[in-house]
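The values are calculated or read from the model by the stated rules, or taken from the named source; none is laboratory data. No experiment lies behind these values; they were computed from the predicted model shown. Note that we place each Cβ from the backbone using ideal geometry, even for glycine, and neighbour counts take in every protein chain shown. Calculation scope for accessible area: heavy atoms of the full protein, side chains included, ligands and nucleic acids excluded. Shrake-Rupley method; radii C 1.70, N 1.55, O 1.52, S 1.80 Å.
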Amino acid sequence: MSNRCTEIKTVKINADCVNNPVFIRWINSVGGWEPGWVFSRTQTIAVQVDELGTFQPYNADIEVAESVIEVLAKDATPQMIVGAFVDIEDIERIKGMLYSPSVKMLMNNDTWMTEGCKWQTIIPQPGAFKLYDTIETKTQIEIIFDMPKLYLQQQ
Amino acid sequence: MSVSIISYPKKIVNSDSAQVSKWSAVHQPIVFQMARRDYIVHHISNNGSGNLKLDLTASSDIAVGDIVYVNTNGIVGNLQAITGTTGSVVILGYGYTGAGAIGTGYVNSLTTRKNYYVETAVLGINTLTNTYYQLGTLISKPTSEGNCNVDCHEHLKSLVGYKDQFAYDVINKRDINLGKGFNIQYREVWRGHTGSYSTITTATLFYYTNGAKQIQNIYGSNMGDYVPFSNTNTTEPKAKFLCNGRPTYFPGFPFDLTFIFSDAIAGLAIYKHEKSYDVNRTSLGENAYALDSTQTQAPNRMMLQEGYASSVSTVDVWLEAGDSICAGYTVDDYVAAGYTTLDCGIVTPVVPIDLGDTERP
């Protein structure tokens, strides 16, 4: 004899062929790994560069001097802007990513089955998000991810 | 021991007293309420001179002149012991001319037991060796009346993790980054006295998950609505998966559902059922798959069967609890060749000889 001891969870299967898939998953607020989401088709790649200071070298002989100002260090954060046109019920799930403490991106989409998953932590940029109007059934979303910062030289 | 637990971090689910959830969200308080009861009052009477005389059930350390907290037979407050404090008899400077009566309450010895506190050791579980180890201690000072709260969640928060370490190679596996069991033991300490710790029992074996619940959620910070119960309990609503809404499976990408493999279904055969439907919600068949029943007492990651036909549009997934997995070996004195002990029911961690020497895993 056996009895059902959990709710019945309906899992939708999305077998669309996709270009440029980006697979994201995250820990949700009740403490489970939320089944992920694939953003596809097109992403915008950007990089946020900050200058962490400059200095002015002493030029004893300006005839051979190379500069009057040099950069101490820079800070580079690659970014990826993803967008999707999704059902409202999916937004309700995806929005949890925006406030999850741990959002992961799958780095080896083609080989994870043989070599294991390689995850990188990415951070959705914080802010106030307009998600959808309740009158809609599908809506457009756009999320900016900060990818891991680059390690760079410092003078 | 004169300190005891009067309230545990547990909730009755669906108003069925057989369904008790011992699982709490670790990012919110996980509170044991303790009560200090130094001496139980056996009998109250008039000492013959118009003062209140208490007969205690044990010999006391209350001396003449001591202030004690009394809460018995409607007499409540801090009173002074005046004479005749020998053995288990205390006479207080409180006028009492009533008849003798059976005592209903207790006395706390405030003056003798200066700087009284309850020290609670929070114990984690090393999954590899199945032994307890000490995470840290908490100090709680009760009020005169003896009640205090012990909140374990700050110690347990250090145990949850944010790495996805599931390898997607088995049908289900526990993820100890997402939660596990813990236990407590406690002792009384006051100036010049350090008590011995209480015995570790399964009565104080509780569980945490790496979650946070919201205001006005049912069961508060208890995870009661996510805890599956055994096959004999059929009340609705059933336990939820640790996942919101209707998730999407993208073939070719990792997929798993997280659920709490609770202590309540430990020792039972658990089956994952999958019923697939086409785009018109016409059933294409149902299959059941046995889960690994050794992965109990922690949140589990569970994979789908995957490899669905292209006609499958949605899959309904649920768990069923079957019979006890320990039921096969009931013949006396019979042990099959190659038989090893099954983990039947709740796996109780072992208490090491000296908890202080055990290392954190």
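Sort the range A:13-141 into rounded, prolate or oblate with this rule: let a ≥ b ≥ c be the square roots of the eigenvalues of the Cα gyration tensor; rounded if a/c is under 1.5, and if a/c is not under 1.5, prolate when a/b is larger than b/c, oblate otherwise. Let's see the in-between values first.
On the way: a/c = 2.79, a/b = 2.19, b/c = 1.27.
It comes out prolate by the Cα gyration axes.
Global size of the range B:44-199: 23.3, 81 Å for Rg and Dmax (C-alpha atoms, Rg to one decimal, Dmax whole). Rolling a 1.4 Å probe across the protein heavy atoms gives chain B an accessible surface of 44 Å² per residue. Excluding same-chain neighbours fewer than eight residues apart, the lysines reachable from A:K95 by a Cα-Cα span under 26 Å are A:K9, A:K12, A:K104, A:K118, A:K130, A:K138, A:K149, B:K157, B:K163, B:K213, B:K238, B:K240.
Here the range B:178-326 exposes an accessible surface that is 48 percent carbon and sulfur, computed with a 1.4 Å probe and the other protein chains kept in place.
Interface between chains A and B: roughly 4700 Å² of accessible area buried, both sides summed (probe 1.4 Å, protein heavy atoms only).
As a check on your grasp of the helix formula, calculate [θ] at 222 nm for the protein assembly as shown: sum -39500 (n - 2.57) over DSSP H runs of n ≥ 4, divide by the residue count, round to the nearest 500.
On the way: 3 runs with 16 residues, N = 516.
Dividing the helical sum by the residues of the protein assembly as shown leaves -500 deg cm²/dmol.
Longest stretch of chain A clear of exposed loop sites (chymotrypsin sites (Phe, Trp or Tyr not before Pro), DSSP loop, at most 16 other Cβ atoms within 10 Å, sites excluded): A:59-128.
How about the range B:240-309: which trypsin sites (Lys or Arg not before Pro) there are in a DSSP loop, with at most 16 other Cβ atoms within 10 Å of their Cβ? Write out the running numbers ahead of the final one.
Working: sites: B:K240, B:K272, B:K275, B:R281, B:R301; in loops: B:K240, B:R281.
Qualifying residues, ordered by number: B:R281.
Taking the square roots of five times each eigenvalue of the Cα gyration tensor of the range B:4-79, the equivalent ellipsoid has semi-axes of 39, 15, 10 Å, listed largest first.
Principal axis extents of the C-alpha atoms in chain B (largest first, rounded to whole Å): 93, 45, 44.
Of all trypsin sites (Lys or Arg not before Pro) in the range B:49-144, which ones are in loop regions per DSSP and have a Cβ with at most 13 other Cβ atoms within 10 Å?
Numbers: sites: B:K53, B:R113, B:K114; in loops: B:R113, B:K114.
Sparse-neighbourhood loop trypsin sites (Lys or Arg not before Pro): B:K114.
By its C-alpha gyration tensor, with a ≥ b ≥ c as the square roots of the eigenvalues, how is the range A:70-155 shaped: rounded for a/c under 1.5, else prolate for a/b larger than b/c, else oblate?
Details: a/c = 2.99, a/b = 1.50, b/c = 2.00.
Because a/c hits 1.5 or more and a/b fails to exceed b/c, the range A:70-155 counts as oblate.
With protein chains left intact and a 1.4 Å probe, residues in the range A:94-134 average 61 Å² of accessible area per residue.
Apply 1/(1 + (r/R0)^6) to the Cβ-Cβ distance of B:K157 and B:Q33, taking R0 = 22 Å, and write down the FRET efficiency to the nearest 0.05.
Values: r = 20 Å, r/R0 = 0.93.
The calculated FRET efficiency here is 0.60.
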